[in-house]
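Working notes for the structure below.
The values are calculated or read from the model by the stated rules, or taken from the named source; none is laboratory data. Computed from a predicted model, the values in this text were never measured in an experiment. Backbone-built Cβ (ideal geometry, glycine too); neighbour counts: all protein chains shown. Areas reflect the complete protein model, heavy atoms only, side chains present, ligands, DNA and RNA absent. Shrake-Rupley method; radii C 1.70, N 1.55, O 1.52, S 1.80 Å.
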Amino acid sequence: MKGSGYSRRFLYGYGAGEFGFTFFLFFIAYYLMYYMTDVLHIPTAAAAVIYTVLQWFEGISMVGAGILVDRLRLPGGTYRPWMVTGAVLCAVSFVIFFCDFHLSAVANIIVFVLFYFLSYIGYNLMWVGYRSLVGPISGSPADNVALTAASSQLGSAAGLVFSFCGEKILRSFSNIQTGYKVSALIYGTVMIAGILVSARVTRRFDNGKKVDEGAGEKTGLKEFLRSVNQPMVVFFLAVTFREAISTMFPTLLIYYFGYVAGDEGWLSVYLTVTTVTALVGYSFARRFAGSFGKKRMFLVSSVISAGCILMVNFIGKDMRLFMVLMSVHSFCSIFSGAMIPAFMNEIADYNEYTMGVHTRGFIISLGGGAIRCAAVLGGALSGFGLAAAGYKNNAPVPAGFGTDLTLLMTLGAAGGILLGAFVLTFYKLDDKIMSKIYESRK
């Protein structure tokens, strides 16, 4: 695989979008369940049900976003207008669902659910548009990987910033509800700013004239169905199992640090360690993917990552060893979870070349839908697992809760990673096939 033909300035300009929306994702992943159980005071089992139902609606709206992007062009381009529109809708709704309108408990929950759902409709439109841009920009497999790596690297940088300021902003107010609202306002603003930078940098590739040929209003049901082929099905299942840990693991970590380590402050240390590791590791991403291929790196890194997570069961309360294991896990995640957008655009390019099917937005949305299904699986496992382990908000935890929690967190995460790796062994696309496609497209 040859090197990318784009400058670092351009690659990171595109990646500014992921820098912006990563704050939203981190805040939701680490603090949403806690908000539901300990701020809104929703019973743990009920919170798990609400969370799971919302994740299903998110998955449906993600696929709907992909179909809408493929079938309807807004003025100014195929993908960029959806990025900006979605980011604004997401940011505004993000602030509202953390506001306290001094309503009844039931009414507060209804407002929360409604605007949470609206925020994800916006996020899905933004995400599909943002990820779909990789296709028109890429002229080779190396471009695909370079754009994905640069975007993920800036996402890790955002995670590093969040590790220093996330907890401090949230706890800076006497009323934690205010902390949630201010945090949402700040992160929503950063999201919009990042997307605007990305839209500006990529303007020449999606300005209403220079877009994917064939994409747009003529895409019909038959084309959408044809695009769900063997590579897409394998990828969808692999991502669903692999990314389930991206919801379950961080959701349980705040409880793990509180009830096993005895100090929730370890969460900030964890975020710092893992994001610094990822930032360093991304310098190896393109080199390793070029030498060994994305698929092989996905498989090998998944096995190592699962082993690190399982080792947590044998270290007791030693948080130094825990951070070492999580550092290796974070490094390995670069070659699996972080390369997901590269796989998605690869499948879209393959479909265009082999079948003449122009459904890039739909393919990207299916990848996003897989992540949402993973969130359902991970959220259900964490929420119902906490309830089964005896956790009740504002009540003493039962004896042995720490051990049960650790087993739930590690076995669930490792199992999802290994199952995802096994499914991906059936993925048939490689750099040789894709290089021919990019060459013919030129």
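Look at the dipole of region 1-83 built from charges on Cβ: of Met62, Ile42, Gly77, the Cα furthest out on the positive end belongs to Gly77.
Taking Cβ atoms as reference points and 14 Å as the exclusive limit, the residues near Thr251 contribute a net charge of -3, counting Lys and Arg as +1 and Asp and Glu as -1. For the chain, the solvent-accessible area of protein heavy atoms averages 39 Å² per residue (probe radius 1.4 Å; ligands and nucleic acids excluded).
Size of the chain from its Cα atoms: along the principal axes, largest to smallest, the extents are 64, 47, 39 Å.
Exposed loop sites here are GluC sites (Glu not before Pro) in DSSP loop states with at most 14 other C-beta atoms within 10 Å. What is the longest stretch of the chain lacking them? Counting only loop sites that pass the neighbour cut-off, the longest clear stretch is 218-442. A simple spin-label model places the labels of Thr272 and Val233 4.8 nm from each other, with each point 7 Å out along Cα-to-Cβ.
Between Ala413, Ala380, Ala45, the residue with the greatest mean-square fluctuation in the GNM of the chain (Cα pairs under 10 Å linked by springs) is Ala45. Once the convex hull of all Cα atoms in region 1-101 is built, its volume per residue stands at 171 Å³. At 0.692 mPa s and 37 °C, plugging the Kirkwood radius over alpha-carbon pairs of region 263-374 into Stokes-Einstein gives what diffusion coefficient in µm²/s? The calculation lands on 207 µm²/s.
Within the straight-line cut-off of under 19 Å between alpha carbons, the aspartates and glutamates reachable from Lys168 are Asp38, Asp263, Glu264, sequence neighbours fewer than 8 places apart in one chain being disregarded.
Would you work out if region 111-161 is rounded, prolate or oblate? Take a ≥ b ≥ c from the square roots of the eigenvalues of the alpha-carbon gyration tensor; rounded if a/c is under 1.5, else prolate when a/b is larger than b/c, oblate otherwise. Note, shape of region 111-161 comes out oblate.
Ordering 363-369, 87-93 by mean Cβ neighbour count within 10 Å, with the highest value first, yields 363-369, 87-93. Note on the chain: with a GNM built from Cα contacts shorter than 10 Å, the maximum mean-square fluctuation among Arg80, Arg171, Arg71 falls on Arg171. Return the FRET efficiency for the residue pair Ala105, Thr189: r is the Cβ-Cβ distance, R0 is 35 Å, and the value is rounded to the nearest 0.05. For R0 = 35 Å, the calculated efficiency reads 0.70. The distance linking region 1-41 with region 302-343 is 19 Å (Cα centroid to Cα centroid, whole angstrom).
Before rounding to the nearest 500, sum -39500 (n - 2.57) across all DSSP H runs of length at least 4 in the chain and divide by the residue total; then give [θ] at 222 nm in deg cm²/dmol.
Result for the chain: -26500 deg cm²/dmol, rounded to the nearest 500.
Comparing Gly416, Gly122, Gly262 in a Gaussian network model of the chain where C-alpha atoms under 10 Å apart are linked, the largest mean-square fluctuation is found at Gly262. With 31 Å as the limit on Cα-Cα distance, the pairs of Lys317/Lys428; Lys181/Lys392; Lys294/Lys317 that go past it are Lys317/Lys428; Lys294/Lys317. Net charge near Val128, counting Lys/Arg +1 and Asp/Glu -1 over other residues with Cβ under 11 Å of its Cβ? Computed value for this residue: +1.
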